[in-house]
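Student: Supplied in structure tokens, the structure appears directly below.
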């Protein structure tokens with residue numbers, strides 16, 4: 001069966017689609033067959049990213065590693081029976097089709113609470129939660145005492161993950177490996193950054209996730225999107241002399257892929 005990676009966070013702007021694209025492309029570059037589902041049926045950022053990639057490859061003739069993508073809105077479904085949900089059935093159909101042909105299925109969830117997102121979280125073998133390095137984003141994971149900085153308890157997103165874990169346990173499935181990705185880390189060891197790190201470490205011990213460094217804020221991510229490219233494609237498009245920022249960014253991708261500890265994956269790029 002395909003290993004299912006879910007990229008989720010109920011807050012927009014955390015870098016979910018950029019994270020999804022780089023994980024999927026990295027796996028494809030390492031020779032794995034990868035399928036992708038975009039559950040944000042309104043913005044469809046990952047789907048558009050992949051469409052841009054295919055269009056750029058066809059236009060330029062560059063041979064880029066591709067990801068198989070499914071659009072739920074295009075998957076036919078019979079009229080659901082009593083108690084059934086049409087989107088649940090479309091998700092099930094898409095997953096079944098991908099499972100037959102890929103090694104990994106990556107699901108990009110919307111930045112909001114939806115039924116599809118709930119179902120996807122319960123399917124996750126690996127859950128990746130990109131999190132901007134600020135207490136505004138941290139509030140989705142836990143409530144914190146403003147005076148002491150101590151974690152008071154889990155918040156709405158953590159509770160949803162807890163529910164997903166319970167569903168998997170009831171179904172006899174292996175536990176979710178939950179990875180929180182600290183995106184947009186500041187370059188300097190600022191007071192807020194240290195407080196954020198301490199709060200995340202405390203919460204990780206209480207509710208069970210791993211904290212790993214993610215991606216820094218870089219202009220190049222926005223520049224690559226229209227062509228559907230990633231940091232791993234730069235040499236394919238003729239960029240031989242990478243600047244220091246690009247080299248550092250590529251190393252961040254390697255570090256993230258290593259930290260995910262995906263089965264059968266040896267990070268070589």
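All of the numbers you see were taken from the coordinates with simple rules; none came from a lab. Treat the numbers as computed from the prediction; the structure is a model and nothing was measured. A quick note on method: Cβ atoms are made from the backbone with ideal geometry, for glycine too, and the neighbour counts reach across all protein chains shown.
Student: Pick from 183, 132, 241: which residue has the top mean-square fluctuation in a GNM of the chain where Cα pairs under 10 Å get a spring?
Tutor: So, out of 183, 132, 241, the one fluctuating most is 241.
Student: Measuring from a point 7 Å past the Cα of residue 97 along Cα-to-C-beta, which residues in the stretch 1-35 have an amide N at less than 15 Å?
Tutor: 35
Student: Report, in whole Å, the centroid distance computed from the Cα atoms of the stretch 234-269 and the stretch 1-55.
Tutor: The two parts, judged by their Cα centres, are 16 Å apart.
Student: Using label points projected 7 Å from each Cα along Cα→Cβ, tell me how many nm separate residue 206 and residue 267, to one decimal.
Tutor: Calculated label separation equals 2.9 nm.
Student: Quickly rank 103-114, 57-68, 158-169 as a protection proxy: mean count of other C-beta atoms within 10 Å, highest first.
Tutor: Working: 103-114: 21.7, 57-68: 14.8, 158-169: 16.7.
Those peptides, ordered most packed to least, come out 103-114, 158-169, 57-68.
Student: While we're looking at this one, here's another question. Taking R0 as 30 Å, what FRET efficiency do you get between residue 162 and residue 1 from their Cβ-Cβ distance, rounded to the nearest 0.05? Present the calculation step by step, with values, prior to reporting the outcome.
Tutor: Numbers: r = 24 Å, r/R0 = 0.80.
It comes to 0.80.
Student: Any chance you could get the radius of gyration and Dmax over the Cα atoms of the chain, in Å?
Tutor: 18.6, 60
Student: Could you give the nm distance between label points at residue 195 and residue 242, where each point is 7 Å from its Cα heading toward the beta carbon?
Tutor: Taking the two extended label points, one gets 3.6 nm.
Student: Taking 0.36 nm per residue of separation and subtracting the Cα-Cα distance, what length does fully extending residue 223 through residue 62 add?
Tutor: On the way: separation 161, 0.36 × 161 = 57.96 nm, distance 1.81 nm.
That pair, residue 223 and residue 62, stretches by 56.1 nm at full extension.
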